[in-house]
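Below is one structure, written out as structure tokens; the observations come after it.
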């Protein structure tokens, strides 16, 4: 009689592996976001790009595992060269202040949106924090400095 010897806890391990596989399928990224990459070689890909001229060209590289059908800038179609890897040159005209350029790439498998933020005009001034009321550090014999607290400033 042939019997298979299985280690203790075999059923639990098998159940754990199946549940892990099922969880992975549920949390896997959708095909829309996973198969398209939008990258700019002319502007920041995250955050805000400060520009000096009101008009210019947003240069993009788009890559996909499926055929690229359409590229739009703020809802308007933009010409592009390529099928699954494309170079896009999207001209823009900015108003003073913060401008959002919404790029949408549609492929046979899905679509992906990406927003580029361009600021035209004077950069917003950062406010300097007010100086804290304290005395300058006092040198100690060991070469270190000790900060002196003013009376009534902060907890003791």
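The values are calculated or read from the model by the stated rules, or taken from the named source; none is laboratory data. None of these values were measured; they are calculated from a predicted model. As a convention, Cβ positions derive from the backbone with ideal geometry for all residues, glycine included, and neighbour counts pool all protein chains shown.
Considering (1) under 12 Å from residue 104 (Cα atoms); (2) in contact with a helix residue (DSSP H, G or I) (Cβ under 9 Å, 6 or more places away or on another chain), the lone condition that residue 65 does not fulfil carries the number (1).
Specify the residue that is surrounded by the fewest Cβ atoms within 10 Å (Cβ to Cβ); the eligible residues are those in segment 71-90 that are in a strand (DSSP E or B) and more than 23 Å from the chain's Cα centre (by Cα).
Taking segment 71-90 as the starting set, the residues that turn out to be in a strand (DSSP E or B) are 71-73, 76-77, 80-81, 85-90.
Subset that is more than 23 Å from the chain's Cα centre (by Cα): 76-77, 80-81.
Working: 76: 7, 77: 10, 80: 17, 81: 9.
Restricting to residues being in a strand (DSSP E or B) and more than 23 Å from the chain's Cα centre (by Cα), the top hit is 76.
Within segment 91-128, restricting attention to residues that are surrounded by 12 or more Cβ atoms within 10 Å (Cβ to Cβ) and part of a loop (DSSP other than H, G, I, E, B), the residue that is modelled with the highest pLDDT is 94. Within segment 51-70, the set of residues being surrounded by 14 or more Cβ atoms within 10 Å (Cβ to Cβ) and assigned to a strand (DSSP E or B) comprises 51, 56, 58, 59, 60, 61, 62, 63, 64, 68.
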